[in-house]
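Heads up, the thing below is written out as structure tokens.
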Amino acid sequence: MDCEDVRTYLLDDHRGQLAPELAREVRAHVERCAACAHDDAAEHALSELLERRLPQHPAPLALKRRLAAQWPAPGAAPAPWWPRWRRAVAPALAAALVLAVAAPWLTGRLPASGRGDGAQALVAEAVNDHLRVLLSEHPLEVESGGIHQVKPWFAGRLDFAPVVPFGGDVEFPLKGGAVGWFVDRKAAVLVYQRRLHPISLFVFRADGLPWPARGGERIGGVDAYRQTARGFTVVLWRTGDLGYALVSDLDPKELATFASKLVG
Ligand SMILES: [Zn+2]
């Protein structure tokens, strides 16, 4: 059974609809395959969200409108920002995550490097990972007292050293970090904030991913790729062996300003 088979069966497995022997094969694969374990966890999170937060038989458009109306008004909500923010936007985020299920990476059809334009897959992955951070009860495994506290925390938790040239400032304070995933590999997750907008930065090994070949723009000293998807702006770039994905619902221009600080 390969990864593609497993991902076809994951949903049925969660619904308990697989024959016992098939279910055992799927579980056995998930236990030894990090990429499928990642998707398995995403499916679990999604199922849980759907059961907890969304009506049983939603009319998609009406639902989306109602959820969109629950996004907080700009300038609302004082500190503590995270729990309030999360509570306010969780239903809308859940809806966004539902839409994300149709994304190709979840079904395992991530295009290989050099074949076609992989940008869509990377953008979808970045948005999904950002949503997962936002929906998490405790997104930060290390709270920030500054980059000098967060950086050493990653040592021994990743198989690479994340290079983060910008440790936050008054405009874009660093809130903290965590270890997460990007596609099939571990990632350093750093969460910054601009006013009420959380910003996720994912740093990971760049090799073997379908990096976009065109559509780039120059940000700081690097070729970056910027795209807006489902209300979030994603900026992707590579520096040396490392890949970077920046995601936020922040105004795209402000996010580009932030990206230029990160690139250095
Ligand atoms: Zn697999």
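Some points to look at:
- Residue among 234, 179 that alone is within 16 Å of the chain's Cα centre (by Cα), open to solvent by less than 10 Å² (accessible area, probe 1.4 Å) and within 24 Å of residue 144 (Cβ to Cβ): 234
- Looking across 23, 37, one residue alone is without any contact (Cβ under 8 Å) to a residue 60 or more places away in the chain and within 15 Å of the ligand (Cβ to nearest atom). It is 37.
- Strands (runs of 3 or more DSSP E) completely within segment 216-258 that count 2 or more residues being within 20 Å of residue 133 (Cα to Cα): 222-229, 232-239, 242-248
- Only listed residue being touching a Gly at 6+ places or on another chain (Cβ under 9 Å) and closer than 25 Å to residue 42 by Cα, chosen from 129, 159: 129
- Selection within segment 237-256 - surrounded by fewer than 18 Cβ atoms within 10 Å (Cβ to Cβ) and touching a strand residue (DSSP E or B) at 6+ places or on another chain (Cβ under 9 Å): 238, 239, 241, 251, 252, 254
- Every residue from segment 15-37 that is loosely packed, with under 15 Cβ neighbours inside 10 Å and under 27 Å from the mean Cα position of the chain (by Cα): 15, 27, 28, 31, 32, 34
- Here residue 208 passes the criteria (1) modelled with pLDDT of 90 or more; (2) of a type outside the set (A, V, I, L, M, F, W, C); (3) within 13 Å of the chain's Cα centre (by Cα) except the one numbered (3).
- Residue in segment 204-211 that is farther than 26 Å from residue 150 by Cα, out of contact with any Phe, Trp or Tyr (no Cβ under 9 Å at 6 or more places or on another chain) and assigned to a loop (DSSP other than H, G, I, E, B) present: yes
- Test: residue 111 is more than 15 Å from the chain's Cα centre (by Cα), at pLDDT 75 or above and farther than 17 Å from residue 41 by Cβ: no
- Some residue of segment 155-170 being open to solvent by less than 30 Å² (accessible area, probe 1.4 Å), more than 17 Å from residue 38 (Cα to Cα) and in a helix (DSSP H, G or I): no
- Looking at 201, 134, 122, just one residue is under 23 Å from residue 216 (Cβ atoms) and assigned to a helix (DSSP H, G or I), and that residue is 122.
- Summed over segment 6-20, the residues that are without any contact (Cβ under 8 Å) to a residue 24 or more places away in the chain and either within 13 Å of the ligand (Cβ to nearest atom) or in a helix (DSSP H, G or I) (or both) give a count of 4.
The values are calculated or read from the model by the stated rules, or taken from the named source; none is laboratory data. This is a predicted model, so every value here is computed, not measured. FYI the Cβ positions are ideal-geometry reconstructions off the backbone, even for glycines, and counts take in every protein chain you see. Protein only, heavy atoms only, side chains kept; ligands, DNA and RNA dropped before computing areas. Shrake-Rupley method; radii C 1.70, N 1.55, O 1.52, S 1.80 Å.
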